[in-house]
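Worksheet for the structure shown next.
The values are calculated or read from the model by the stated rules, or taken from the named source; none is laboratory data. It should be emphasised that the depicted structure is a prediction, and the values quoted were computed from it without experimental measurement. Here the Cβ positions follow ideal geometry from the backbone for every residue, glycine too, while neighbour counts run over all protein chains shown. In case anyone asks, the SASA skips ligands and DNA or RNA and just uses the protein heavy atoms, side chains included. Shrake-Rupley method; radii C 1.70, N 1.55, O 1.52, S 1.80 Å.
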Amino acid sequence: METVILAVVIAVVVLGALGGLVVGSRRKKPLPPPPTSVPDITAPPAEPHVGDEAETPRDEARRTIEEVDLPDGSAPVAVEEPPVPDVPVLDVPEPTAGRLVRLRSRLSRSQNALGKGLLTLLSREHLDEDTWEEIEDTLLTADVGVAPTQELVDGLRARVKVLGTRTPQELRTLLREELLKLVGTDIDRTVKTEPEDRKPGIVMVVGVNGTGKTTTTGKLARVLVADGRTVVLGAADTFRAAAADQLQTWGERVGAHTVRGPEAGDPASVAFDAVKEGKEMGVDVVLIDTAGRLHTKTGLMDELGKVKRVVEKHAPLDEVLLVLDATTGQNGLVQARVFAEVVDITGIVLTKLDGTAKGGIVIAVQRELGVPVKLIGLGEGADDLAPFEPEAFVDALIGE
């Protein structure tokens, strides 16, 4: 026990001695000299502010809530109007009255080679057999046809023999009269679109692809609209790519509704629906554009006959217009014969008369089918389809 107490006392004494040494050493360490000047203290960078705190507040006059004018609800509230769809601007077709006269210069530029050639031959001092053969060749080259050519030459021979002396004006009058006899001035060339006992009138347009059949149908719609008629178009040419689109574009330009079906669908079904919708809408005329593939394939011609029969379940056809390319000449007559066997052709539309000197096809096709030329196409313009007028046509043939 005594040993333990002694050890504790010794430990306390040792610790006290060590503590004194440490304190003494600290008192002997020199302190650093006092600063000679007050150091510059750099303030920490200010934090960025937002909104009103970003600038120094300024003393401004502030209004109380009583001084602020509040809306009383009487002011109109602006409401955004829904966008108005663009209304297509419709074309205004040229009137059909006198249209061929207005297009006469275009017709005469390409056609009067025939007239000039005949007048030159007839003006010779001596009209021998060789000259008359040249006259026949000129007429045949212009696709007048064999029988009409012989008829015209015989008439000219008889009248020239009686006339004796021939002035240019007398020859022109003579040739004009004989050509008018062949073309025919007493034929009804009106496109029948106004049946007396019903509406609408029904017109079917037929022809081989490449003759301008679909374009002619669209132009005919413009002719009818120009005369004040309302029109529905039937896109029954379902086999030619884009034919329905082409016809619909023509219709939209003059405000005519187009009835169409699926591509490669049944043409007769489309034609039937077109007449049905035309009756429901109360329009004046329904124009049906038909398929125009190769006329030599019997099955296709039978199909055309089917379209005719299906349409006539609504009402009889008022017109069946055959579109022929004037540049095809005698081949056009072959086409005309085949179509005439399938459907009862009531009128001819001759296109591309502006680009050929073979205007005699007008005479030949009328003789071949026994039906009149009712419309002629004189260019690519929208209003270049004109009612056929024999006097204006012959005047363009022989020139001024």
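Would region 263-270 turn up any residue that is polar (S, T, N, Q) and over 24 Å from Leu350 (Cα atoms)? Yes. Of all the residues in region 133-163, those that are at pLDDT 90 or above and in contact with a Ser or Thr (Cβ under 7 Å, 6 or more places away or on another chain) number 1. With respect to the stated conditions, Asp344 fails to be crowded, with 20+ Cβ neighbours inside 10 Å, among the charged types (D, E, K, R), within 28 Å of Val259 (Cα to Cα) and modelled with pLDDT under 90.
Can you find, within region 364-398, the residue that is nearest to Leu220 (Cα to Cα) among those that are without any contact (Cβ under 8 Å) to a residue 60 or more places away in the chain and touching a Gly at 6+ places or on another chain (Cβ under 9 Å)? Here the residue is Val371.
Take the conditions (1) under 19 Å from Ala97 (Cβ atoms); (2) in contact (Cβ under 8 Å) with a residue 24 or more places away in the chain; Ile361 misses just one of them, which is (1).
So that you can scan it fast, the table gives a plain yes or no per residue for (1) acidic (Asp, Glu); (2) surrounded by fewer than 22 Cβ atoms within 10 Å (Cβ to Cβ); (3) assigned to a helix (DSSP H, G or I):
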site	(1), (2), (3)
Glu151	yes, yes, yes
Ala158	no, yes, yes
Leu180	no, yes, yes
Val203	no, no, no
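Among residues of region 195-208 that are of a type in the set (Gly, Ala, Ser), those with a Cβ under 6 angstrom from a residue that is open to solvent by less than 60 Å² (accessible area, probe 1.4 Å) and outside any loop (DSSP other than H, G, I, E, B), sequence gap 6+ or separate chain, pair up as Gly201/Val285; Gly207/Lys213; Gly207/Leu322; Gly207/Val323.
Considering only residues in region 321-341 that are in a helix (DSSP H, G or I) and within 27 Å of Lys199 (Cα to Cα), the one that is least open to solvent (accessible area, probe 1.4 Å) turns out to be Phe339. For Gly228, the requirement of being free of Cβ contacts under 8 Å to residues at least 40 places away in the same chain and either among the polar types (S, T, N, Q) or more than 30 Å from Leu119 (Cα to Cα) (or both) is met.
For region 129-186, the tally of residues that are under 40 Å from the mean Cα position of the chain (by Cα) and either hydroxyl-bearing (Ser, Thr, Tyr) or more than 12 Å from Gly360 (Cβ to Cβ) (or both) stands at 8. Just one of the listed residues (Thr298, Thr351, Thr327) is modelled with pLDDT under 85 and within 30 Å of Arg253 (Cα to Cα), namely Thr327.
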